1. So, in the stretch 10-60, of the ones that are hydroxyl-bearing (Ser, Thr, Tyr) and within 16 Å of residue 75 (Cα to Cα), which residue ends up farthest from the chain's Cα centre (by Cα)?
2. Can you confirm whether the stretch 130-137 contains a residue that is more than 19 Å from residue 69 (Cβ to Cβ) and loosely packed, with under 12 Cβ neighbours inside 10 Å?
3. Name the single residue, out of those in the stretch 19-43 being touching a strand residue (DSSP E or B) at 6+ places or on another chain (Cβ under 7 Å) and either of a type in the set (S, T, N, Q) or on the phi > 0 side of the Ramachandran plot (or both), that is surrounded by the fewest Cβ atoms within 10 Å (Cβ to Cβ).
4. Would you kindly identify the helices (runs of 4 or more DSSP H) lying entirely within the stretch 1-113 that contain at least 2 residues that are free of Cβ contacts under 8 Å to residues at least 24 places away in the same chain and of a type outside the set (Ser, Thr, Tyr)?
5. Identify, by number, the condition in (1) of a type outside the set (Phe, Trp, Tyr); (2) over 17 Å from residue 12 (Cα atoms); (3) crowded, with 19+ Cβ neighbours inside 10 Å; (4) touching a strand residue (DSSP E or B) at 6+ places or on another chain (Cβ under 6 Å) that residue 68 doesn't meet.
6. Considering (1) touching a helix residue (DSSP H, G or I) at 6+ places or on another chain (Cβ under 6 Å); (2) part of a loop (DSSP other than H, G, I, E, B), say which one residue 119 fails and leave the rest.
Amino acid sequence: MYAEIMILPMREELTRLGIKEARTAVEVDQALARPGITMLVVNSVCGCAAGRMRPAVRLALEHSTKPDQAFTVFAGQDKEATDRARSYFVGYPPSSPSIGLLRDGQLLYMMQRSDIEHREAVDLASELKTVFDKFCAKPLGQRANKSPR
């Protein structure tokens, strides 16, 4: 466990984007019970990978198509929440950082540390945008009517 003051900037790098923190197992379950597509980010202190993952998430969330909601847990700090988040990543070993995209608690996509650590943030963001387009795009009938006024 790190002192909270040390990791606060790393937490805030995601929460400033509107990503909500889940700090308990119950909060993770509640987050993943919400309808729609949920991005679940396992944040961490790890320098190289986490230092690329957080900017990649920021860039990806600038895309016109994105998940309905996004939550984060912090590995090494919020153990209960992180363990619960990882329990939804069926078929994947624990990995920090990592990003999962889920619908109704079912994993649709997974980006693990091994997918992150040797790539640049812009490349990671590009992959996330492609994934958002694949899983998060609303059918034409469900898109908001944006007529000019």
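1. 24
2. no
3. 36
4. 4-15, 25-33, 47-60
5. Failed condition: (3).
6. (1)
None of the figures in this text is laboratory data; all of them are computed from the coordinates on show. Remember, predicted model here, so these are calculated numbers, not experimental data. Heads up, the Cβs are rebuilt from the backbone with ideal geometry, glycines too, and the neighbour counts pull from every protein chain shown.
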